[in-house]
1. Considering each of 34, 48 in turn, give the residue that is touching a residue at least 12 places away in the same chain (Cβ under 8 Å) and within 12 Å of the ligand (Cβ to nearest atom).
2. Can we say residue 41 is under 16 Å from residue 18 (Cα atoms) and near the ligand (Cβ under 10 Å from one of its atoms)?
3. Any residue at all in the stretch 61-74 that's surrounded by 15 or more Cβ atoms within 10 Å (Cβ to Cβ) and either modelled with pLDDT under 95 or away from the ligand (no atom under 14 Å from the Cβ) (or both)?
4. Taking into account only those residues within the stretch 75-86 that are over 16 Å from residue 32 (Cα atoms) and surrounded by 12 or more Cβ atoms within 10 Å (Cβ to Cβ), which is nearest to the ligand (Cβ to nearest atom)?
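The values are calculated or read from the model by the stated rules, or taken from the named source; none is laboratory data. Model, not experiment: these values are computed from the prediction. Here the Cβ positions follow ideal geometry from the backbone for every residue, glycine too, while neighbour counts run over all protein chains shown.
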Ligand SMILES: [Mg+2]
């Protein structure tokens, strides 16, 4: 699969590309789709995102690390067999209806059960 043939605005094409990446390295049969392993990889990427911010790295580095995490998230949807696109819209629909509060000087959007 060549990424130049894909629609950059299409989640379907993003998913197909990540699936091709998994297939290329046979993640399904080599431990690459084990969820506990994937959690460790995602935590590692979150650490890299954190380092970009705390060490004041260039915005391009932050974007690349966020892309690493996004690719892992799409791959986790493949590994765990759920529709991340649908989950995204379901969750956005929920959080758009939530209230916001200022907590310690910063806005927080949550269900605020109290
Ligand atoms: Mg990274």
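1. Unique residue meeting the criteria: 48.
2. It is true that residue 41 is under 16 Å from residue 18 (Cα atoms) and near the ligand (Cβ under 10 Å from one of its atoms).
3. yes
4. Selected residue: 84.
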